[in-house]
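Trainee: Starting off with a structure, shown below.
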Amino acid sequence: MTAASLFRWLVAVGVLLSVSGVAEPRAGDAGPSEEVAAFEVQINPEARVKLRALNPPQQLVRHRSERFWLKVHNEAGLQSPLRLRAFDRSLPGAQQADWFRVGIVENAESTALLSGATTEWKLIELRCDEPGTRAVRIAADAGTGTQDLGFRAEVDLLIDVEERP
Amino acid sequence: MNRPTSMLTCVGVTLLTLCCGRLLTAADWPTVDAIDPQPAAAELRRLIETAEALGEPLAASVADGLDDVRQADDATDAAARLQALLDPLCGLAVVLHAESGPQLVLPQRPGGRGAIELVEQGWRTVLVKVVNTDRLRRRLRIESPNARPLPHAPADEVDARWMSLSLYAGQPASPSLTGLPVEYRFLQIFSREAGEQQAVLECAAPGPSSGHGDSSIAAEWQFRKGTAGWSPANQIELTTEEGSLLVRGTGDDPFMISPLPKPARAGGYVLRFWARAEEPGVGQLFWQTEQRPFPDGGHAVSFQLEPGQEHLYEIAFTAEDTLTGIRLDPNGVPGTMRIDWMELASAERGRDWAAATVPFRTRPSQELLFRVIDDDDRPAMACFEVTDAHGRVFPPQGKRLAPDFFFQRQIYRGDGESIRLPPGSYTIRCSRGPESLPEVQQITVGPGPQEQPLELVYRVKRWVDPSRRGYWSGDHHIHAAGCAHYENPTQGVMPPDMLRHCMGEDLKVGCCLTWGPCFDFQKRFFTGRLDDASQYPYLIRYDIEVSGFGSHASGHLNLLRLTEQIPPGGDSKNHWPTLGLNTLRWAKRQGAVCGPAHSAIGLTRLVDRLPETEGLDGPGGLPTYGIPAFDGIGANEFIMNVAHEVPGPDGSRVPAVDFISTMNTDRTAEWNMWYQVLSAGLRVRASGETDFPCITGERVGIGRVYVKLDGPLAFDAWCDGLAAGRSYVSDGRTHLMDFTARCERAGAVCECGVDGSEMPIAAGDTVAFTVDAAAFRDTAEPLRAELVVNGFPVAQQQLAADGSLAQLTFEHRFDRSGWAAVRIFPGGHTNPIFVIADGQPICEPRSVAWCLRCVQQCREAKMPTYREDERATAEADYDHAEDFFQSLLEKARLP
């Protein structure tokens, strides 16, 4: 889909840019949804959670939270909380990146709890507190033991973090 | 064999010399000046993980360098340290440019360019350095004319096509370049034969912004949202299903057509598609150009169909002028074909491709013959993990097909079977399931040809053999498709593959459950009896897990010993009931043995607590009176189902649920659910499962149930024993056999699983319990075996974890009725004996209240998952369950 046709689609469904600067996706499974999603979570019927980068951010501004859309395909109908965590890939073992924050926005319109619907959208927030080029691993799970086998619940991001102007 | 550069190689080089922007010969080895230390270390870490996943670990010195890179002084230092570690390991480098073509660079070794070492009939990985100073995030492609397929190859190219190669882009590597100025990739190369060879390697990172207008892909067809431009033209029907194009030819001249999204210039092309044709025959490809807008016999090429199997079809042709469309005749007779994807690629290489001729040296491999003898002197199947001195796993994991599973390090081989290994020293870890004592052997494969194959003799030694006491191990939940299994080239794996894994783990019964993925392929293996692949005493049978369809959202169900695989109203998975109890009604009518799968999922998040129970939980929260969210797919609707009886085969009412699955999820949560329903007076038994390869792909039989039978192993009797609880659940290294209760005063003896496991006594009687226990651990620490009564530990004994068998005895005075069992947390648990004092039922008020509150919580969570036409039934079923527990509660509170 071209940028022009995406724009026409956005206008057609009455999408506005929110204060966070994030385009609102259309509910349901139809439409060019993947174009506005930064990430996608797929939960298979056995509750194995996979995470995929669709249009991940390549730049962030230091100390500034930015919001992105996460599309969730929930074939298991789970209603548990979806959790995202950030790991520092440069450290041995599974050590969380204390300089990077990732999470699902919790407010009146967005919650980390899955609804059980086959398709839903979550607003997520990313923030990096260190400047420069940073490699971070984002991992997703929906409760104990739901991470998929073989790294498939994880994506690696390389992000250029600029100093706040 | 010293092979001269092949004709094909020469042609490839000549063409590339004429066409390509960059041809590399002796360029300097590329380096990068600066990378931030953090992403440099992260890149190294990912490389180490990828190498591990491929079974080709990097040298320990590389892993040791992780700290050095991370602690570099600055970006310059980090770049230098990273490259110093990895560059000496590289067989190739690729230099990418955003505005011009790439470069391929071969390393200079002392004494000239060294050949890349390969192994005969095996795969090796070659580390490739990618210098990407423009920070492109495109997909890197490395191909070779020497790796083209042999089917349909011109006769004079057969010798030259000696290799296969693929650039590894699976997890934990990223599918596209990360954008780091330098990164490293693994190129996997297979060699057909030993000797000196050469091959042309070609590379590109084509992207939409390359600006050359000569992308090598002219058209792509994916079928996720329709036929992607293909139209039925004659005697053909086109539909799509699950991302595939289903083609049905209805006459002798079926064909379909597709225009190209935009005209493509004249030249050579290859149409590639991944398909499965069901009938033999010959297909044809026609192409249309601006000058010849209608297909004709002069613009057609035929191809042989490979019926009954997935196949990559590659059909080359040349368009004399601008190409506008293609026509595919899938066969010359009526038939069906499923096409997963198609692409039309230019056979020529433009400016965005580079090439180099690379020397290789393939070492010959030798046959290693396995001799496997069980401790009864019979030939057997066993598990072998073969690694060389560099820690590389054989056969290479990244290129395995069944019966070897790519997601495991080990393979399973029987007596008289073999593998091929290149010269070298190998460590082979041998085992035959958790009841065997693993042993390690070293072998050396010499360089020269051998008259006799090398032999590895593995005599199985066991520390325990429960089958000699009549206990037959089983895993009631394994899969031949879905999760870690592949869907191509076959949709999952076949019954003999699953049997091999069961035999190699000495797992006597494997319940192979067909579920959502590949359902319509795998359903053919259901027969309502043992699979023909079974080899006594190793039995496999195909049944169903309701997962990915039907009532899955309220908790998955294992349905064992079905006589009908699919409910009336359809022949697949889309018409099943959404209410689990409706599924159970259908299954129990057949005499099936049923229970929820992966029980703890949905029970670990507590959202409430039973009033006035603070401080009353058992040790470690087992049992707990916290109320789970019921937000998952484990034993969720189970709490409603256990309150129901449904018609059995003869119409008499039987419990809707026979067992709860244990041993593969959070042990506290799964056992807590079991304990609470037992303490409420219900008589659900525990069984053990793995849910292979979903919960884990490590091996089958990680969670097990050992069922005692009086005679030889038979599947029906085994299921009956499972439902009767004449069994214990185990991780395979914890055994609790012949759990028995005795009451001297009452003169009563009760063996677990016999006569309903019920033991009548008088209130105040003391009951003695015995169990024959054995466990094997790597630690010298003794294990704690506990007698559990109504969910709480009341006595304990120590058990040495050295594999020795010991009879443990416990005593408990029963002032009221209760269930009793022995556990060794988290490795094993007996099923319960029900001690009935003065004829009064087991009925612990707090447990009954917990069950009642859980039914309410589950109703709230799961009602939206039921189809509208089943809601009324669901409401009535939950009402019944609430009434059932309410009634028990009232009885329990009566003085």
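The values are calculated or read from the model by the stated rules, or taken from the named source; none is laboratory data. Model, not experiment: these values are computed from the prediction. Note: ideal-geometry Cβ built from the backbone for every residue, glycine included; neighbour counts use all protein chains shown. SASA here: full protein model, heavy atoms, side chains in, ligands and nucleic acids out. Shrake-Rupley method; radii C 1.70, N 1.55, O 1.52, S 1.80 Å.
Trainee: Hey, what do the phi angles of segment B:272-277 turn into as Karplus ³J(HN,Hα) couplings, whole Hz, using 6.51/-1.76/1.60 and θ = phi - 60°, x for Gly and Pro?
Mentor: Per-residue couplings from phi come out as 10, 8, 9, 8, 10, 9 Hz.
Trainee: Work through the residues other than B:ALA169 whose Cβ is under 11 Å from its Cβ and net out their charges, Lys, Arg +1 and Asp, Glu -1.
Mentor: Value of the local net charge: +3.
Trainee: To make sure I understand the rule: partners must be lysines, Cα under 21 Å from the Cα of B:LYS461, and not fewer than 8 residues away in the same chain. Which ones qualify?
Mentor: B:LYS508
Trainee: Right, here's the next one. Mind ranking B:ASP879, B:ASP738, B:ASP543 by accessible surface for me, highest first, 1.4 Å probe?
Mentor: Numbers: B:ASP879 75, B:ASP738 35, B:ASP543 0 Å².
Ranked list, largest accessible area first: B:ASP879, B:ASP738, B:ASP543.
Trainee: Rg/Rh for segment B:733-842: what does it come to with C-alpha atoms and Rh from Kirkwood? Provide the component values of the computation, followed by the final result.
Mentor: Numbers: Rg = 13.9 Å, Rh = 14.0 Å.
Ratio value, two decimals: 0.99.
Trainee: Quick one: with all protein chains in place, what share of the accessible area of segment B:117-260 is carbon or sulfur, to the nearest percent (1.4 Å probe)?
Mentor: Whole-percent figure for carbon plus sulfur exposure: 47.
Trainee: Are there any residues in segment B:677-720 with a reduction of at least 40 Å² in accessible surface when going from the isolated chain to the assembly of protein chains? Probe 1.4 Å, please list them by number.
Mentor: Buried by the other chains: B:CYS694.
Trainee: Just read off the accessible area of B:TYR168 with the full protein assembly in place, 1.4 Å probe, to the nearest 10 Å².
Mentor: Rounded to the nearest 10, that gives 50 Å².
Trainee: Quote the relative contact order of segment B:733-842 in percent (integer), defining contacts as alpha-carbon pairs under 8 Å separated by 6+ residues. Walk me through the intermediate numbers first.
Mentor: Working: 293 pairs, mean separation 34.4, N = 110.
Dividing the mean separation by the residue count of segment B:733-842 yields 31 percent.
Trainee: Which net charge results when you count Lys and Arg as +1 and Asp and Glu as -1 among the other residues whose beta-carbon is under 12 Å from that of B:ALA63?
Mentor: Numbers: positive: B:ARG45; negative: B:GLU49, B:GLU52, B:ASP64, B:ASP67, B:ASP68.
That sum, taken over residues with Cβ under 12 Å, equals -4.
Trainee: Compute the acute angle (0 to 90°) between the alpha-carbon long axis of helix B:75-86 and the principal axis of greatest extent of the alpha-carbon atoms of chain B; round to the nearest 10°.
Mentor: 90 degrees
Trainee: Could you order A:GLU162, B:GLU310, B:GLU811 by accessible surface area, starting with the largest, using a probe radius of 1.4 Å? Walk me through the numbers before you get to the answer.
Mentor: Numbers: A:GLU162 100, B:GLU310 15, B:GLU811 130 Å².
Highest to lowest solvent-accessible surface, that is B:GLU811, A:GLU162, B:GLU310.
Trainee: Still on this structure, please answer the following. Between the chain alone and the structure with every protein chain in place, find the residues of segment B:170-203 that drop at least 50 Å² of accessible area; heavy atoms, 1.4 Å probe.
Mentor: Residues shielded by partner chains are B:GLN171.
Trainee: Threshold 40 Å², probe 1.4 Å: give the residues of segment B:29-68, in number order, that are less accessible with all protein chains present than with their chain alone.
Mentor: SASA drop of 40 Å² or more in segment B:29-68: B:ASP36, B:GLN38, B:ALA42, B:ARG45, B:GLU49.
Trainee: Moving to a separate point now. Please name whichever of B:ALA277, B:ALA356, B:PHE825 sits farthest to the positive end of the charge dipole of chain B, dipole taken about the Cα centre and charges placed at Cβ: Lys and Arg +1, Asp and Glu -1.
Mentor: Checked the options; the winner is B:ALA356.
Trainee: Let me ask something additional. Mind running the shape call on chain B? Use the C-alpha gyration tensor, a ≥ b ≥ c as the square roots of the eigenvalues: rounded below 1.5 for a/c, prolate if a/b tops b/c, oblate otherwise.
Mentor: Numbers: a/c = 2.17, a/b = 1.70, b/c = 1.28.
Verdict is prolate for chain B.
Trainee: Quick one: helix B:868-893 against the long Cα principal axis of chain B, what's the angle to the nearest 10°, folded into 0 to 90?
Mentor: 40 degrees
Trainee: Distance from a point 7 Å along Cα→Cβ of B:GLU49 to each backbone N in segment B:693-710: keep the residues under 19 Å and list them by number.
Mentor: Once the point is set 7 Å along Cα→Cβ of B:GLU49, B:696-698 turn out to lie under 19 Å by backbone N, inside segment B:693-710.
Trainee: Mind checking the angle between helix B:495-504 and chain B's longest principal axis? C-alpha axes, 0 to 90 degrees, to the nearest 10.
Mentor: Tilt relative to chain B: about 60 degrees.
Trainee: A follow-up question, please. 7 Å from Cα along Cα→Cβ at both A:ASN55 and B:GLU367: what's the point-to-point distance in nm?
Mentor: For A:ASN55 paired with B:GLU367, the spin-label model returns 5.8 nm.
Trainee: Next up: Using Cα centres only, tell me the gap between segment B:685-740 and segment B:407-433 in whole Å.
Mentor: Segment B:685-740 and segment B:407-433 have Cα centres spaced 28 Å from each other.
Trainee: Another question about this same structure. At a probe size of 1.4 Å, how large is the accessible area of B:ILE566, to the nearest 10 Å²?
Mentor: In the full protein context, B:ILE566 sits at about 30 Å².
Trainee: What pairs in B:LYS225/B:LYS573; A:LYS50/A:LYS122; B:LYS573/B:LYS862; A:LYS50/B:LYS129; B:LYS523/B:LYS588 have C-alpha atoms more than 23 Å from each other? Display every interim value, and only then the final one.
Mentor: Working: B:LYS225/B:LYS573 21 Å; A:LYS50/A:LYS122 15 Å; B:LYS573/B:LYS862 20 Å; A:LYS50/B:LYS129 29 Å; B:LYS523/B:LYS588 20 Å.
Pairs exceeding 23 Å: A:LYS50/B:LYS129.
Trainee: At 1.4 Å probe size, with every protein chain present, just tell me what the per residue accessible area of segment B:379-471 comes to in Å². Could you put the intermediate results ahead of the total?
Mentor: Values: 3980 Å² over 93 residues.
So segment B:379-471 comes to 43 Å² accessible per residue, rounded to a whole number.
Trainee: I've got another one for you. What would the Debye formula give as log10 I(q)/I(0) at q = 0.14, 0.19, 0.25 Å⁻¹ for the alpha-carbon point model of segment B:274-321, no solvent?
Mentor: Debye intensities relative to I(0), on a log10 scale: -0.42, -0.66, -0.89.
Trainee: Assigning unit charges at the beta carbon (Lys, Arg +1; Asp, Glu -1) and nothing else, what dipole magnitude in debye, to the nearest 20, does the protein assembly as shown show about its Cα centre? List each step's numbers first, then the result.
Mentor: Numbers: 104 positive and 140 negative charges, 123 e Å.
My answer is approximately 600 debye.
Trainee: Taking all protein chains together and a probe of 1.4 Å, list B:PHE521, B:PHE294 from the most accessible to the least accessible. Walk me through the numbers on the way to the answer.
Mentor: Working: B:PHE521 25, B:PHE294 160 Å².
Order by accessible area, largest first: B:PHE294, B:PHE521.
Trainee: In addition: Can you pull out the buried accessible area for chains A and B, both sides counted, probe 1.4 Å, rounded to the nearest 100 Å²?
Mentor: Numbers: alone 8910 and 35210 Å², together 40970 Å².
What A and B bury together is about 3200 Å².
Trainee: Count the DSSP beta bridges whose two residues both fall in segment B:456-601, then state the antiparallel fraction as a percent rounded to the nearest 5. Before the final figure, lay out each step's value.
Mentor: On the way: 8 of 17 bridges.
Looking only at bridges with both residues in segment B:456-601, the antiparallel portion is about 45 percent.
Trainee: Which whole-number percent gives the relative contact order of chain B, counting Cα pairs below 8 Å spaced six or more residues apart? Walk me through the intermediate numbers first.
Mentor: Details: 2288 pairs, mean separation 73.9, N = 895.
Dividing the mean separation by the residue count of chain B yields 8 percent.
Trainee: Can I ask one more? On average, how much accessible surface per residue is there in segment A:55-148, in Å², for a 1.4 Å probe, leaving out ligands, DNA and RNA? Don't jump to the answer; show the numbers that get you there.
Mentor: On the way: 3690 Å² over 94 residues.
That works out to 39 Å² for each residue.
Trainee: Would you mind giving the three semi-axes, in whole Å and largest first, of the ellipsoid equivalent to the protein assembly as shown according to its Cα gyration tensor? Present the calculation step by step, with values, prior to reporting the outcome.
Mentor: On the way: eigenvalues 566, 228, 191 Å².
In descending order the semi-axes read 53, 34, 31 Å.
Trainee: Shifting gears a bit: With every protein chain in place, what's the accessible area of A:ARG137 (1.4 Å probe, Å², nearest 10)?
Mentor: 20 Å²
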